[in-house]
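Okay, structure first, notes after.
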Amino acid sequence: MATIRKKLVVVGDSSCGKSCLLTVFSGHQFSELFENYTTNVQIEGKKVELALWDTSGKREYDRLRLLSYPNADVILLCYSIDNTESLANISEKWVPEVKLYCPNTPMILIGNKKDTRNVERSQKEQEPVKLEDGKAMAEKINALAYTECSAKTKEGVRGLFETASRAALRGKNTTKNECLLQ
C-alpha cells in the first residue's frame, strides 16, 4: 500500500499549547518544545504520513512562519481555553494570515488546554472560554471543524488528528493545489 503524504501546519498565539499538542500526538513525552515531525496514521484504509509543522506565535517570527505555509493540506488554528485573548486573535490575526497565504486550505479550530476549564480561579483570573464561544468562532471563520482537547490528559487529541487527516485526504476547497507565498 502506497503512503500518502500530507502536511498539517499548526498556528496560534505563543503559549496556547501548540507544541504540547503535537508532542503528545506524535507519541513523545509532554514537553514545551516541538520541532517539525512526521508520523504515520491509518485513515479510511489508507496509510497517511503526516508532516506536522509547528510554528511560533511570537511576532518576531512572523516572517519565518510564512515559510511553513506552502503546500499545507490543513491548517490547525489553536487557541488556549484559559486565555480569551488567544481566541480573539484567531479572527484578528491568524485567519487573515492563513487566508492570505493559503486561501483554499481547510481550517480546523482547536481549543487547547481543555483541562483548565474546570480549575478553580482567583477573582483576578479571567474566566475560561466557553464551549459556545469556540463554536461561534468556528462558524464565524468558516472552519471545517471545531474541537477541544487537552495535551495534558490526552482527551480529544486522537480524534482531532483523525479529523485533520480526513480533511487532508479530501483536499482543498477549490482546484488550486498550493498555498500562496507572496
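The values are calculated or read from the model by the stated rules, or taken from the named source; none is laboratory data. Fair warning: this is a prediction, and the values are worked out from it, not measured in the lab. Reconstructed Cβ throughout: ideal geometry from the backbone, glycine too, with neighbour counts over all protein chains shown.
Annotations
- Matching residues, the stretch 89-124, being exposed (fewer than 15 other Cβ atoms within 10 Å of the Cβ), within 18 Å of Lys152 (Cβ to Cβ) and not polar (S, T, N, Q): Val119, Glu120, Arg121
- Number of the condition not met by Ala164 [criteria: (1) out of contact with any Asp or Glu (no Cβ under 8 Å at 6 or more places or on another chain); (2) under 30 Å from Lys47 (Cα atoms); (3) assigned to a loop (DSSP other than H, G, I, E, B); (4) of a type outside the set (Ser, Thr, Tyr)]: (3)
- Selection status of Asn36, without any contact (Cβ under 8 Å) to a residue 60 or more places away in the chain, farther than 19 Å from Lys140 by Cα and in contact with a Phe, Trp or Tyr (Cβ under 6 Å, 6 or more places away or on another chain): yes
- Residue match in the stretch 96-111 (condition: outside any strand (DSSP E or B), closer than 15 Å to Ala143 by Cα and free of Cβ contacts under 8 Å to residues at least 60 places away in the same chain): yes
- Count - residues of the stretch 53-87 that are without any contact (Cβ under 8 Å) to a residue 60 or more places away in the chain and either loosely packed, with under 15 Cβ neighbours inside 10 Å or in a strand (DSSP E or B) (or both): 9
- Considering the stretch 39-52, the residues that are out of contact with any strand residue (DSSP E or B) (no Cβ under 8 Å at 6 or more places or on another chain) and touching a residue at least 40 places away in the same chain (Cβ under 8 Å) include one that is nearest to Arg5 (Cα to Cα), namely Ile43.
- Any hit, the stretch 51-68, residues being closer than 16 Å to Val9 by Cα, at pLDDT below 90 and small (Gly, Ala, Ser): yes
- For the stretch 86-116, the set of residues classified as within 13 Å of the chain's Cα centre (by Cα) and of a type in the set (A, V, I, L, M) consists of Leu87, Ile90, Val95, Val98, Met107, Ile108, Leu109, Ile110, listed by residue number.
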